[in-house]
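Trainee: This is the structure I have questions about; it appears just below.
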Amino acid sequence: MANQKIITLDSLSLQDMHSDSEFIPLLSSEDEEEMNKEELPMELAILPLRNMVLFPGVVIPITAGRDKSIKLLNDVQKGEKTIGVVAQIDEDIEDPSFDEIYHTGTVARILKVLKLPDGNITVILQGKKRFEIEELITEEPYFRAKVKEVVETRPEHEDTEFRAIVESIKEAAVDIIKNNPNIPSEASFAIKNIESDSFLINFISSNMSLSVEEKQTLLKIVDLKERAFETLKLMNLEIQRLELHNVIQSKVRFDLDQQQKEYFLHQQMKTIQEELGGFSNEEEFEEMREKALLKKWDSKVKERFDKELMKFQRMNPQVAEFSIQRNYLELFLELPWDEFSKDNFDLKNAQKILDKDHYGIEEVKKRVLEHMAVLKLRNDLKSPILCLYGPPGVGKTSIGKSIAEALGREYVRISLGGLRDEAEIRGHRKTYIGAMPGRIIQSIKKAKTSNPVFLLDEIDKLSTSNSGDPSSALLEVLDPEQNSDFYDNFLEMGYDLSKVMFIATSNSLASIQPALRDRMEIIEMNGYTIEEKVEIGKQHLFPKQLKEHGLTSKDAVLGKKQMEFIVTKYTRESGVRGLDKKLAHIARGIAKAIVMEESYEIKLNEDAIVKILGTPRFDSDKYENNEVAGVVTGLAWTSVGGDILYIESLVSKGKGNLTITGNLGTVMKESATIALEYIRAHAEDLGISPELFEHYKVHIHVPEGATPKDGPSAGITMLTSMVSSFTQRKVKKNLAMTGEITLRGKVLPVGGIKEKILAAKRANIKEIVLCKENKKDIDEIKEDYLKGLTFHYVDRMEEVLKIAITDQKVKGAKNFEIVKK
C-alpha cells in the first residue's frame, strides 16, 4: 500500500517545472512519440494508490509505507522499473483486495528511489500509457496481473473544434492561476509552453482539485476530444468557485477592516474616557463576564447571555437602547438561576414557630405542616397555590412571614390592590423606552433564591383596563402545570417558578376570576372569638405596641379582664386590626404620661383604660330586649366579618300596602314581599284575621340606614318580625336567626355561617335558628366557638315561628279591632 504526496496545480511552481533534477514534469512532443512507441508488458506488478490517480506523461512523487508496497518497489527497481499504478476505490481501506481497486490504471516508470530513515521509500513515478487489468495472477506478496493497453483515440489535426477546446483549456488554466493567490503567476508561462495536447489535458486533469472518482472517470475516457471537453467543463466550475471564493474573501476582508476600525475607535474612546476620569465600558463588559462565570445556569441561559453581551459590546453608548440592554444583562446576572435555599423539614420546630406567631388559625397551620411533610418525603413536589380567604385583620398577610420562617425560605410580598396593567405581571418588551421586568421576576431577583415564599396580597382587588387583564396574566404564574416555564416579556425567555410557594390573600372570592380561583386551594380564615382576641392582644399585639413606642413590659401591664374590656367595649370586628389601634392608643397615652412625669397606674384597670381611650363605643350586650313587638335579631355577613342587625316592623292603619326602608337592596326587598305574601296566604293559621290586611299597612325598617344591605338571609327574620307585629306577641329573648324563605314557606340555607356565629356570640345571643342544611357548616366549626349557644335547625317557616314567637303579649299591645278572637 502506498502513501503519496500529491503535486497539484495549486502547489506547482515554475521551479518545479524547470528544475535540473532527473525528472521533468513537462513532456515534449518527441518524448511523447517515443513513449507511445514503447511496448506494454503482458504482466505488471500492480501498485494501489490511496488518494490519487496517475495520468500518462505526468510525474508524481509517492511515499510507500506498507510492507507489500516496499517489497514491490524493491523487486521492480532491479528489473525494467515499470509497474502498473491504479487507484483504490475507498481510500480509508488500509489493505485493499483486488475487488477494491479500479481496474483501469496507468503504466508508470520509476525515475528515482529515495530511502527514508524511518524505513519508508519515496519514489518518483512518470506515467506512460493507459492499461486495463484482464486477469489477476497473484495477490502475494503483491498484486501481479495480465494487462492490455488502452489505446487513446485522437482527433484529426485539422479538427477546429478540438483546437478551440484546447485553447480554451489553456485560457481557463491561466484564469485559475490568476484568481488563485496560492499559485505563482509564472506558472501560466509553463502552461502555455506545453506542446502536446494529450499531455496538456492529462497534466491539468491530474492537478485539478477533483476527487479520485472524478479523476478516474477522466482517465477512463479513451477519446481525447471527449476528455478535453469534460476537462474544460470541470475547469469552468473551478473558475466559478474561485471567483465566488474571492468575492466572499473580499466581503470578509471589508467586514474585518470595519471591525478593526471600530475597535480602534473604541480604544480611543476608552482612552479619552479614562483621561477624563470616566468609566470605561470595557471594564463593565469584563466585570459582567466574570460574574457570569460564577452563575449556576444551564447551557440555554448561558448561550442567551453570551449572545446579548456581544450585542451590548457592539452598541453605541449614546443610543437609548444601551441603558435598556445594560439593565437586561444586569437582570440576567442578578436573577437566582437554579439557586435554591435549603428547606427546613423539622415539623416540630415549624409547629412551634407557627404557634408562637399566630394564635388560632389551626386549619392554615395544619395545611402548611401537611405540605412540609409531603415535601420531605418526595422532595420534588410542586408547591401548591394557597389562597387565604377571610375578612380584614385576621392575619392573612402576616401568616406568610411565619410560613417562610418555618420553611427556612426567603419571604417576598407584592400588593395587587388596584393593579390594572398586565405588564406589571409579565413585564414590558425591551423595545419600549423605560422597559422593565414584571413584578414577579423583580421580586424573585430581590429574594435572591428561586424558591421563596411569595405572598400575593389582595388578589381579589385586581382590576382591568385597556392595558389588559392582570388576573389573566396571573393564570400562568399560579398554575403548577405551567409556571415551570413562566415567560416574562422583558426577560424574553422562560423562568422556573414551580419551586416557589405562592400564597394569595383575599377578602372576597366573588371578585376573583373563576379560572384563577380554580387554580388555588381556598383556605378560609374566619374571625376570632372574644377569647381568641384577648389572647392575641396579650401575647402579640400589646408587647409589639410597647416595643414600637419605646416602652417595656415594666412600664404597663394589661390583665386578661382589662384586655377583654377593650375588646368588647371598643371594638366590633372579625379581625384584630381595630384592637391593635386601640392598644397603640394606650401605649401612646402611657408614653405621654412618662415623658410629662404624670402619675399613672402601671397595672391598668378599666378606669385607666377609659381615661385614655374615652367612653366605650359599644355595649358588650348589643342585643336589645324583646319588649317591643316586631323587633327581631338577624345575622348578617359583611366584608369585615359577621354582624347582627335588627328587623323592625310596624302595623298601622292604611290600605294594606308594604313600605320598606333602611337602604335595602333588591334581593332584600323581594324577601320582605315574599314574607308578607306568605303571611296573607296563611293568616288564619297564624291567628291573624284576613280582613286586617285591607285596613292596615305594614312598614319594615332595618336600622343604620347609611349602610347598604342586601341578600336573602334576612327572609325568616322579616317574616318573624311581621308576624310579631300583627299578633303583638313577644319574640323569644336572646334569639337570632338567619335563612332564606320561599313562597311555600320552605327555609333555605345561607352562607357565612361561622362569621355570623361569632357575631352572635359577641352580642351575647344564646339561641340561633338555622336551616337544617346549614348543620354541616356548624359541624366544621370548632366546639370552642359554639360554647353557650343552642341551635335550632328548621326546614319550614312554621317551625321558625313556633320557636321564635312566644304566647306572651308585649306590654301595651295594640288591640286591633278585627283581630280574630
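The values are calculated or read from the model by the stated rules, or taken from the named source; none is laboratory data. Just so it is clear, the model here is predicted, and its values are computed rather than measured. Don't worry about glycine lacking a Cβ; one is built from the backbone with ideal geometry, like all the others, and counts go over all protein chains shown.
Trainee: Scan (1) farther than 15 Å from F55 by Cβ; (2) assigned to a strand (DSSP E or B); (3) not aliphatic (A, V, I, L, M) for the single condition R109 breaks and write down its number.
Mentor: Condition not satisfied by R109: (1).
Trainee: Out of (1) within 30 Å of F340 (Cβ to Cβ); (2) of a type outside the set (A, V, I, L, M); (3) outside the structural domain of V394 (by TED's automatic domain parsing), the odd one out for E597 is which?
Mentor: Only one criterion is unmet by E597, namely (1).
Trainee: Looking at segment 330-342, which of the residues that are part of a helix (DSSP H, G or I) and touching a helix residue (DSSP H, G or I) at 6+ places or on another chain (Cβ under 6 Å) is surrounded by the most Cβ atoms within 10 Å (Cβ to Cβ)?
Mentor: Start the filter on segment 330-342 by keeping residues that are part of a helix (DSSP H, G or I), which leaves 330-334.
Among the residues that remain, those that are also touching a helix residue (DSSP H, G or I) at 6+ places or on another chain (Cβ under 6 Å) are: 332-334.
On the way: F332: 22, L333: 16, E334: 15.
Result: F332.
Trainee: Related question: When you scan segment 751-769, do you find a residue that is under 24 Å from H682 (Cα atoms) and of a type in the set (K, R), even just one?
Mentor: No, segment 751-769 has no match at all.
Trainee: Something else about it: In the set R439, R413, which member is surrounded by 19 or more Cβ atoms within 10 Å (Cβ to Cβ) and charged (D, E, K, R)? Let's see the steps before the verdict.
Mentor: Working: R413 fails: surrounded by 19 or more Cβ atoms within 10 Å (Cβ to Cβ).
When all the criteria are applied, what remains is R439.
Trainee: Still on this model: List pairs: first in segment 197-208 and assigned by TED's automatic domain parsing to the domain that holds E158, second modelled with pLDDT under 80 and of a type outside the set (A, V, I, L, M), Cβ under 8 Å, 6+ apart or cross-chain?
Mentor: From residues that are assigned by TED's automatic domain parsing to the domain that holds E158, the pairs are S198/E32; F199/E32; F203/P25; N207/T8; N207/D10; M208/T8.
Trainee: Here's another thing I want to ask about it. Among the residues in segment 457-469, are any out of contact with any Cys (no Cβ under 8 Å at 6 or more places or on another chain) and under 21 Å from D496 (Cα atoms)?
Mentor: No, every residue in segment 457-469 fails to be out of contact with any Cys (no Cβ under 8 Å at 6 or more places or on another chain) and under 21 Å from D496 (Cα atoms).
Trainee: Identify, please: which residue in segment 659-689 is out of contact with any Pro (no Cβ under 9 Å at 6 or more places or on another chain) and assigned to a strand (DSSP E or B) and is, among those, farthest from V632 (Cα to Cα)?
Mentor: Once the filter is applied, the top-ranked residue is T659.
Trainee: Looking only at segment 571-604, count how many residues are in contact with a Pro (Cβ under 9 Å, 6 or more places away or on another chain) and either in a loop (DSSP other than H, G, I, E, B) or surrounded by fewer than 16 Cβ atoms within 10 Å (Cβ to Cβ) (or both). First the steps, then the outcome.
Mentor: In the first step, residues of segment 571-604 are kept if they are in contact with a Pro (Cβ under 9 Å, 6 or more places away or on another chain); the result is 573-575, 577.
After this cut, where a residue has to be either in a loop (DSSP other than H, G, I, E, B) or surrounded by fewer than 16 Cβ atoms within 10 Å (Cβ to Cβ) (or both) as well, the list is 573-575.
Total satisfying the criteria: 3.
Trainee: For segment 747-792, name all the residues that are surrounded by fewer than 17 Cβ atoms within 10 Å (Cβ to Cβ) and aromatic (F, W, Y).
Mentor: F791, the sole residue that qualifies.
Trainee: May I ask you to list the residues in segment 690-702 that are modelled with pLDDT of 85 or more and assigned to a loop (DSSP other than H, G, I, E, B)?
Mentor: V702 - this is the single residue of segment 690-702 that is modelled with pLDDT of 85 or more and assigned to a loop (DSSP other than H, G, I, E, B).
Trainee: Inspect segment 411-419 for any residue being touching a Pro at 6+ places or on another chain (Cβ under 9 Å), outside the structural domain of E330 (by TED's automatic domain parsing) and modelled with pLDDT under 80 and give the result as yes or no.
Mentor: yes
Trainee: Give me a count of the residues in segment 723-746 that are over 56 Å from the mean Cα position of the chain (by Cα), closer than 26 Å to S689 by Cα, of a type in the set (S, T, N, Q) and surrounded by fewer than 24 Cβ atoms within 10 Å (Cβ to Cβ).
Mentor: Here the count works out to 2.
Trainee: Name the pairs: first residue in segment 67-86 and in contact (Cβ under 8 Å) with a residue 12 or more places away in the chain, second residue among the aromatic types (F, W, Y) and part of a loop (DSSP other than H, G, I, E, B), Cβ to Cβ under 8 Å, at least 6 apart or on different chains?
Mentor: K68/Y142; S69/Y142; K71/Y142; L72/Y142; V86/Y102
Trainee: Could you tell me whether segment 377-400 includes any residue that is in contact with an Asp or Glu (Cβ under 6 Å, 6 or more places away or on another chain) and aromatic (F, W, Y)?
Mentor: yes
Trainee: On the given criteria, is V123 in a strand (DSSP E or B), aliphatic (A, V, I, L, M), out of contact with any helix residue (DSSP H, G or I) (no Cβ under 9 Å at 6 or more places or on another chain) and modelled with pLDDT of 85 or more?
Mentor: On the way: in a strand (DSSP E or B): yes; aliphatic (A, V, I, L, M): yes; out of contact with any helix residue (DSSP H, G or I) (no Cβ under 9 Å at 6 or more places or on another chain): no; modelled with pLDDT of 85 or more: yes.
No; evaluated as a whole, the condition is false for this residue.
Trainee: Being under 60 Å from the mean Cα position of the chain (by Cα) and either farther than 29 Å from N179 by Cβ or modelled with pLDDT of 80 or more (or both) narrows it down to one residue among N3, N74, N36; which is it?
Mentor: Of N3, N74, N36, the one residue that is under 60 Å from the mean Cα position of the chain (by Cα) and either farther than 29 Å from N179 by Cβ or modelled with pLDDT of 80 or more (or both) is N3.
Trainee: Starting from segment 245-256, take each residue that is within 12 Å of N179 (Cβ to Cβ) and loosely packed, with under 10 Cβ neighbours inside 10 Å and list its partners that are modelled with pLDDT of 75 or more and of a type in the set (A, V, I, L, M, F, W, C), counting only C-beta distances under 9 angstrom and pairs at least six apart or across chains.
Mentor: Pairs that qualify, where the first residue is within 12 Å of N179 (Cβ to Cβ) and loosely packed, with under 10 Cβ neighbours inside 10 Å and the partner is modelled with pLDDT of 75 or more and of a type in the set (A, V, I, L, M, F, W, C): there are none.
Trainee: Which condition number does K448 fail, the rest of (1) surrounded by fewer than 19 Cβ atoms within 10 Å (Cβ to Cβ); (2) touching a strand residue (DSSP E or B) at 6+ places or on another chain (Cβ under 9 Å); (3) at pLDDT 85 or above being met?
Mentor: The single condition K448 does not satisfy is (2).
Trainee: Separate question: All but one of (1) within 60 Å of the chain's Cα centre (by Cα); (2) within 24 Å of L200 (Cα to Cα); (3) not β-branched (V, I, T) hold for D95; state the number of the condition that does not hold.
Mentor: The failed condition is (2).
Trainee: Still on this model: How many residues are in contact with a strand residue (DSSP E or B) (Cβ under 8 Å, 6 or more places away or on another chain) and not in a helix (DSSP H, G or I) if we restrict to segment 748-800?
Mentor: 21
Trainee: Let me ask something else. Specify which of the listed residues (I176, I201) is under 26 Å from P61 (Cα atoms) and in contact with an Asp or Glu (Cβ under 8 Å, 6 or more places away or on another chain).
Mentor: Numbers: I201 fails: in contact with an Asp or Glu (Cβ under 8 Å, 6 or more places away or on another chain).
It is I176.
Trainee: Okay, moving on. Hey, does segment 322-340 have a residue that's among the small types (G, A, S) and more than 28 Å from the chain's Cα centre (by Cα)?
Mentor: No - not one qualifying residue is present in segment 322-340.
Trainee: Do you know which of the residues in segment 318-355 that are of a type in the set (D, E) and at pLDDT below 80 is nearest to L407 (Cα to Cα)? Before you say what the answer is, go through the steps one by one.
Mentor: Our first condition is that a residue be of a type in the set (D, E); within segment 318-355, this holds for 321, 330, 334, 338-339, 343, 346, 355.
Cutting the leftovers down to at pLDDT below 80 gives us 321, 343.
Numbers: E321: 41, D343: 5 Å.
Filtering first and then ranking leaves D343.
Trainee: Now a separate question. What residue, of L658, L686, L664, L650, is closer than 13 Å to S713 by Cβ and touching a residue at least 40 places away in the same chain (Cβ under 8 Å)?
Mentor: L664
Trainee: Filter segment 147-178 down to the residues that are among the β-branched types (V, I, T) and over 30 Å from T82 (Cβ atoms), then identify the one that is farthest from the chain's Cα centre (by Cα).
Mentor: The selected residue is T160.
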